[in-house]
Amino acid sequence: MARIFMVICALVFFCSSSAYAQMVGSPSLSPSPAPAPAPPYVNLTDLLSVAGPFHTFLNYLVSTKVIETFQHQANDTEEGITIFVPKDDAFKSLKKPSLSNLTEDQLKSLLLFHALAHYYSLADFKNLSQLSPVSTFAGGQYTLNFTDVSGTVHIGSGWTNTKVSSSVHSTDPVAVYQVDKVLLPEAIFGTDIPPTPAPAPAPDISPAADAPTASDEAGSPRASSTPSSSYRIISLGVWSQMVLAISGGLVLFL
């Protein structure tokens, strides 16, 4: 019995030592950080359909399949995208040049010209204005100039000078801003920019008939040296009366 008891005690001691060694020797495992949540998917077609109205711009994007390029940049890249969207009225006000005369490639370039391949909040444009001109999604010579005037973002394309009138959507990685005019690039339309219309001339109001002219007010030599016809008539009448009176007196004395 004593031998069996000693064996049991030895086993208990061995097991306790092993368990303690495992508790002390093994490091504690810290939980791994949870992965960052993916940004919400932004459907640009749905967004532009309910905002605006941006139907004309959206129809151009869909017909040229540029919407697919924008959608990929918005949701499948880390850079994100910034899009400047003209309202329907901006397209209606276009008279010359007309977008209907553009080739398919030119139209695609014009649409890509309305986007930057990076997400920019409104606050970012203050620093972005110092880097102008800024390349657009169209690349090459398709650049835009930005200026920040007291928090209002102004955009210049050569042909077009406009401003950001409102923020439609501005959550990383997608920014959509409304602009007042269609952005027309010089790379397509050239540098022959139509002049700004001149102001209407002031109406030519003729002076009243009895109003004195400038020469009368200034006292021209001709006006001061030459008597009027009425003055001549009056003087002649006075002399005639005096001659008649003297003649009559001579007759009485004779």
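Taken together, the values in this text are just the output of simple stated rules run on the coordinates, not laboratory data. Note that the structure is a prediction, hence the values are computed from the model and not measured. Virtual Cβ from ideal backbone geometry, glycine too; neighbours counted across all protein chains shown.
Could you go through segment 162-177 in sequence order and give the Karplus-derived ³J(HN,Hα) for each residue, using 6.51 cos²θ - 1.76 cosθ + 1.60 with θ = phi - 60°, rounded to whole Hz, and x for Gly and Pro?
Per-residue couplings from phi come out as 8, 8, 7, 8, 6, 9, 7, 7, 9, 9, 3, x, 10, 10, 10, 10 Hz.
Let me check I've understood the local charge: for K87, count other residues with C-beta under 10 angstrom from its C-beta, Lys and Arg +1, Asp and Glu -1. What total comes out?
On the way: positive: K92, K181; negative: D88, D89, D180.
Summing Lys and Arg as +1 and Asp and Glu as -1 gives -1.
Can you tell me which of 124-131, 167-174, 89-96 comes out highest on packing, and rank the rest after it, using the mean Cβ neighbours within 10 Å?
Working: 124-131: 14.4, 167-174: 15.9, 89-96: 12.1.
Put in order of decreasing packing, that is 167-174, 124-131, 89-96.
Sticking with the crude label model, points 7 Å out along Cα→Cβ, report the distance from T152 to T45 in nm, one decimal please.
3.7
Taking a cut-off of 26 Å between Cα atoms, list the lysines near K108, but don't count ones fewer than 8 places away on the same chain.
Once the sequence-local lysines are set aside, what remains near K108 is K65, K87, K92, K95, K96, K163, K181.
Tell me, what ³J(HN,Hα) does each residue in segment 147-160 have, in order and in whole Hz, if you take phi through Karplus 6.51 cos²θ - 1.76 cosθ + 1.60 with θ = phi - 60° and put x for Gly and Pro?
Whole-Hz 3J(HN,Hα) from phi for segment 147-160: 9, 9, 10, 6, x, 9, 8, 9, 10, x, 10, x, 7, 10.
Using amide H atoms built 1.01 Å from N in the peptide plane, name the residues 5+ places from V179, or on other chains, whose amide H lies under 5 Å from its own.
Those qualifying (amide H under 5 Å, at least 5 residues apart or on another chain) are V85, K87, S165.
May I ask for the Kirkwood hydrodynamic radius of segment 47-126, worked out over all distinct Cα pairs and given in angstroms to one decimal?
Values: mean 1/r = 0.0732 Å⁻¹.
About 13.7 Å, per the Kirkwood formula over Cα pairs.
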